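To start, the structure itself, in structure tokens.
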Amino acid sequence: MRLKSLIILFIFLMIVQLSAKEKVVETLLEKVNQASTPKEKKQLIEKLKVALAKKNKKAREEANAIIKAKQKVPIKLFSDKALAK
């Protein structure tokens, strides 16, 4: 039961963090669209690339952590029929 609540907490925190990162990406994208000079656009696009790369790396790490946690969860639930005998 404790592992299940830890997984739920981890997923909740991941969602909160990803929504915050999306706002950073959205802000950079808006700045790119509003940039007046090509040089400024290029700099903002580079920042956007870095932000997206970090977000992608973090998502991969979290997905791998979830997969590892899922492998540790028993496939079959405990059956008390054996104890009843």
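What are the pairs, 6+ residues apart or on separate chains, where a residue within region 30-53 that is under 27 Å from Gln17 (Cα atoms) has its Cβ under 7 Å from a residue that is surrounded by 14 or more Cβ atoms within 10 Å (Cβ to Cβ) and basic (Lys, Arg)? Pairs found: Val32/Lys41; Leu44/Lys31.
If only residues of region 48-85 that are under 18 Å from Ile15 (Cα atoms) and among the acidic types (Asp, Glu) are counted, the one that is modelled with the lowest pLDDT is Glu62. For Lys58, the conditions (1) without any contact (Cβ under 8 Å) to a residue 12 or more places away in the chain; (2) within 30 Å of Pro74 (Cβ to Cβ) are fulfilled apart from (1).
For the residues Glu26, Glu22, Glu40, the requirement of being surrounded by 10 or more Cβ atoms within 10 Å (Cβ to Cβ) and modelled with pLDDT of 85 or more singles out Glu40.
The values are calculated or read from the model by the stated rules, or taken from the named source; none is laboratory data. Since this is a predicted model, take the numbers as computed values, not measurements. Don't worry about glycine lacking a Cβ; one is built from the backbone with ideal geometry, like all the others, and counts go over all protein chains shown.
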